[in-house]
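The values are calculated or read from the model by the stated rules, or taken from the named source; none is laboratory data. As the structure is a computational prediction, the values presented were derived from the model and not from experiment. Cβ atoms come from the backbone with ideal geometry, glycine included; neighbour counts cover every protein chain shown. Side chains included, ligands, DNA and RNA excluded: accessible areas come from the protein's heavy atoms. Shrake-Rupley method; radii C 1.70, N 1.55, O 1.52, S 1.80 Å.
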Amino acid sequence: MSTNLATQLQMLPEALAAHLVISVVSLLLGVAISVPLGLIAVRYRRVRGPLLAVVGLIQTVPGLALLALMVPILVAVGDVLEPLVAVPALGMLPVLIALTLYAMLPVLRNTVAGIEGVDPALIEAAHAIGMTDRQVLRFVQVPLAAPVMLAGVRTAAVWVVGMATLATPVGQTSLGNFIFAGLQTRNVVAVLVGCAGAAGLALWMDAALAVIERAVARRRPAWAVGAGVALALSVAVGVALPRWSAPPSDRPVVVVGSKPFTEQYVLASLIESLLVDHGVAVQRRDSLGSSIALDGLLAGELDVYVDYSGTLWANHLGRTEVASGPVVLEAVCARLRSDGVDCLGPVGFENAYALAVREADAVDHGWSSLEDLSADAAGRAVGADIEFFQRPEWAAVRQAYGLDFARERTFDSTFLYEAASAEEVDAIVAYTSDGRVAAHHLRVLTDPRGALPPYDAVLLLGPDAPSVVATALAPLVGSVDVAAMREANRRVDVDGATPQQAAAWLRTQLSPRTPAP
Amino acid sequence: MIRLHGVSKRWEPGGPLVVDAIDLAVAEGEWLAVIGASGSGKTTALKMINALVAPTAGIVTVGGRDVTSVSPESLRRSIGTVLQSVGLLPHWTVYDNVAAVPHLLGWAEDRVDARVRALLDDVGLPAETFAERGPADLSGGQRQRVGVARALAAESRILLLDEPFGALDPVTRDQLQGLVRGLHDRLGLTTVMVTHDMAGALRLADRIAVMSAGRVLRIGTPRDLLTDPEHAEVAALLDAPRRHAAVLDGLLR
């Protein structure tokens, strides 16, 4: 067995257990809410249409968006309820809420359809022998609708298991950890392990529910009890497993976050190793959504992660104008300090957006700056990551240079560089610290008009981070130059090293420039 | 035992009267057949007796009491009903279907058991063979027998039959008709049967009410109707059985 596969399989039980727990719990919650709602909808015709419309509307919200929306909503709810109870905005709670909402539609719709599908002649006969409405529901409508209702539960189960892979970006461990990290670090084995785990889990839940469905149809309660016990046992194992495997510890636990791309995994691994050497227990929250990481830090659920000054400038401060690196960094840190977050300091390199083109094209057309490109942009296509075209920087660049591409295409950042070298697009919005710029023979164009803001990587500490964190991470401040970061990223993205291996190499390259005064 | 006083029914305000101010009285121990074409209002009139349908106007009494003075459920539990569709619960066994009303009334289990077994014997479906079967395992005639047993399970003194023999083959129908009339006589039931089978009505009923367009055209004993139909429509209904009888007479002569 390859070491890569062995490493992935080692992490599988915990992810599988967490995935099972969130799936089953939210499925049960979804059923517990939707079946009574379905009965209400059947009984009171007036609420039926609006109810199905609202639940159907929830379903149209893309899964990832629904999960990501839960975080700011819970932060707001937490602010209101703060004196009474702490509301965690990351992790299991937002996932359970979103998955429960997602599980509702098939169960609700099938409950209504199942009950309304019962032969009216049977209902009249049941009334004719003297059953009350309630008895008709209990003895006739629900038992006869049960197979249809259970079919809805099975549909919901498969949806929920699939959508639970999206729990990773909001900080809940799931099989999505393999998929998100694997896609970003080009680790196909990890992606396959995540997919196989999710498929296996979906099949297992579906099989258990199929047995229950058959038991109901053939009136074999023992089968249903058996399948229910098997499901419950697997959830119990899922709950118990992480508690068992986690060594009991009274050391402070520091939560280290990362966003979903290679550089972030490498830096989080580096931070982890520095903390562990200072006797700190570390918990990782990897692949967090961009705004979710900052929300988590502000809410005290993350203790440390690396963000970029330009991102915070635009998204947190809402600024659209371009300013110099030190100005941006100072403004961002001042604002974060007032929010309770400490800027430990810049890491030393910048991971800016920059337009890159194929080296051969650059030579042919004589492109070296954005000014050169703007003359030839008409009729050409540009690619960028999923968020860039929505960001104010893009409007600023286009305005500054009069850039007018024929087409804008978005790619996952994993595939962006390939899109350029495979001539899917003529230019891409690359990251300056990315090792794949050189590996794919791309040339980064200069920005003589300064339209793209600075993106200094900066270490952020949450309000509850213990003081040892600042001590442990001090060697990191100002000590990673862009060449070192690019090489570390390249080792993962091009050579197939793990983020841990790249972090170990990067640690040997730390070179503090001027010590902080 | 059962009286309908000036009873009318329209399904929606301003709609047509499906039952138009009818008066009917059924004496204790009597078997009344209500006959008429589809849409004549006969089934609606029947369903007003056990409050499955509420009259728009008029009063229905059972045993001298206005049916609206008791809860519809307790009224229906005291009246045995066999509907056209039978309506056996498909997820319940024959036994559980017959035991349904006694269970709803909270009878003790041994009393229920004795009653169900006796009734299944009465309708010719011995419990040893049929109790645990599901309705899907029965023939149409057997299902009707279970329906009759269920209707009588709670010792009802009144039996309402809505076209219960319509879908059966002639031999089975004949057997079942004889069986139910026998039970009616033995148990001293008061029976109202809705049908469009005039031959069956002539054979089974003590009196026949002929309905058309929501009204009772003619009510009387089979002999009354045969000797003086009064209406062309009644005469037409009697025509078919008469011709059958004449053909049979001719063949035997």
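Can you give me the number of residues within the stretch A:115-128 that are open to solvent by 10 Å² or more (accessible area, probe 1.4 Å), within 13 Å of chain B (Cβ to nearest Cβ) and in a helix (DSSP H, G or I)?
Total meeting the criteria: 6.
Among the numbered criteria (1) surrounded by fewer than 19 Cβ atoms within 10 Å (Cβ to Cβ); (2) more than 14 Å from chain A (Cβ to nearest Cβ); (3) touching a residue at least 40 places away in the same chain (Cβ under 8 Å), which one does B:L105 miss?
Status for B:L105: all satisfied but (2).
Pairs, please: C-beta under 9 Å, at least 6 apart or cross-chain, first residue within 7 Å of A:V193 (Cβ to Cβ) and in the stretch A:2-15, second open to solvent by 100 Å² or more (accessible area, probe 1.4 Å) and charged (D, E, K, R)?
Listed pairs, sorted by first residue: none to list.
Are any residues in the stretch A:129-150 assigned to a helix (DSSP H, G or I), in contact with a helix residue (DSSP H, G or I) (Cβ under 6 Å, 6 or more places away or on another chain) and either within 13 Å of another protein chain (Cβ to nearest Cβ) or open to solvent by 40 Å² or more (accessible area, probe 1.4 Å) (or both), and if so, which ones?
Matches in the stretch A:129-150: A:V136, A:V140, A:Q141, A:A145, A:A146, A:P147, A:V148.
When you scan the stretch A:454-491, how many residues do you find that are open to solvent by 10 Å² or more (accessible area, probe 1.4 Å) and touching a Phe, Trp or Tyr at 6+ places or on another chain (Cβ under 6 Å)?
Residues in the stretch A:454-491 being open to solvent by 10 Å² or more (accessible area, probe 1.4 Å) and touching a Phe, Trp or Tyr at 6+ places or on another chain (Cβ under 6 Å): 2 in total.
May I ask you to verify whether B:A118 is in a helix (DSSP H, G or I), out of contact with any helix residue (DSSP H, G or I) (no Cβ under 6 Å at 6 or more places or on another chain) and closer than 27 Å to B:L75 by Cβ?
Yes, satisfied.
Evaluate the following for B:P72: is it within 14 Å of another protein chain (Cβ to nearest Cβ), without any contact (Cβ under 8 Å) to a residue 60 or more places away in the chain and open to solvent by 30 Å² or more (accessible area, probe 1.4 Å)?
For B:P72, the condition - within 14 Å of another protein chain (Cβ to nearest Cβ), without any contact (Cβ under 8 Å) to a residue 60 or more places away in the chain and open to solvent by 30 Å² or more (accessible area, probe 1.4 Å) - is met.
Name, by its number, the condition in (1) closer than 27 Å to A:T132 by Cα; (2) touching a Gly at 6+ places or on another chain (Cβ under 9 Å) that does not hold for B:A99.
Failed condition: (2).
Among the numbered criteria (1) over 27 Å from B:L189 (Cβ atoms); (2) at pLDDT 90 or above; (3) basic (K, R), which one does B:R253 miss?
(2)
Condition check: in a helix (DSSP H, G or I), open to solvent by 40 Å² or more (accessible area, probe 1.4 Å) and in contact with a helix residue (DSSP H, G or I) (Cβ under 7 Å, 6 or more places away or on another chain). Does A:P72 satisfy that?
Taking the combined requirement at face value, the residue satisfies it.
In this structure, is B:E128 acidic (D, E) and surrounded by fewer than 18 Cβ atoms within 10 Å (Cβ to Cβ)?
Spelling it out, B:E128 is indeed acidic (D, E) and surrounded by fewer than 18 Cβ atoms within 10 Å (Cβ to Cβ).
Considering only residues of the stretch A:314-352 that are modelled with pLDDT under 90 and open to solvent by less than 20 Å² (accessible area, probe 1.4 Å), which is farthest from the chain's Cα centre (by Cα)?
It comes out as A:G325.
Just checking, which of B:G182, B:G200 is surrounded by 18 or more Cβ atoms within 10 Å (Cβ to Cβ), away from every other protein chain (no Cβ under 13 Å) and either part of a helix (DSSP H, G or I) or within 13 Å of the chain's Cα centre (by Cα) (or both)?
Unique residue meeting the criteria: B:G200.
Any idea which of B:E132, B:E128 is more than 10 Å from every other protein chain (Cβ to nearest Cβ) and in a helix (DSSP H, G or I)?
Result of the check over B:E132, B:E128: B:E128.
Considering only the stretch B:75-102, state which residues are β-branched (V, I, T) and either touching a His at 6+ places or on another chain (Cβ under 9 Å) or facing chain A (nearest Cβ under 8 Å) (or both).
Selection gives B:T81, B:V86, B:V101.
Identify the single condition in (1) without any contact (Cβ under 8 Å) to a residue 12 or more places away in the chain; (2) open to solvent by less than 10 Å² (accessible area, probe 1.4 Å) that A:A199 does not satisfy, given that it satisfies every other one.
(2)
Give the stretch B:33-69 a look and list any residue that's open to solvent by 10 Å² or more (accessible area, probe 1.4 Å), farther than 26 Å from B:L183 by Cα, of a type in the set (S, T, N, Q) and touching a residue at least 40 places away in the same chain (Cβ under 8 Å), or say none.
B:S38, B:T56
Could you please let me know if B:A114 is of a type in the set (G, A, S), within 24 Å of B:V180 (Cβ to Cβ) and away from chain A (no Cβ under 14 Å)?
yes
Mind listing just one residue for me: the one in the stretch B:1-32 that is farther than 17 Å from B:I79 by Cα and touching a Ser or Thr at 6+ places or on another chain (Cβ under 7 Å) and, of those, most open to solvent (accessible area, probe 1.4 Å)?
B:R10
Determine if the stretch A:355-373 includes at least one residue that is acidic (D, E), open to solvent by less than 60 Å² (accessible area, probe 1.4 Å) and more than 11 Å from A:R443 (Cα to Cα).
yes
Scan the stretch A:81-104 and report the pairs whose first residue is more than 24 Å from A:R285 (Cα to Cα) and open to solvent by 20 Å² or more (accessible area, probe 1.4 Å) and whose second residue is at pLDDT below 80 and part of a loop (DSSP other than H, G, I, E, B), with Cβ atoms within less than 9 Å and a gap of 6+ or a chain change.
Listed by first residue and then by second, the contacts come to A:L81/A:V87.
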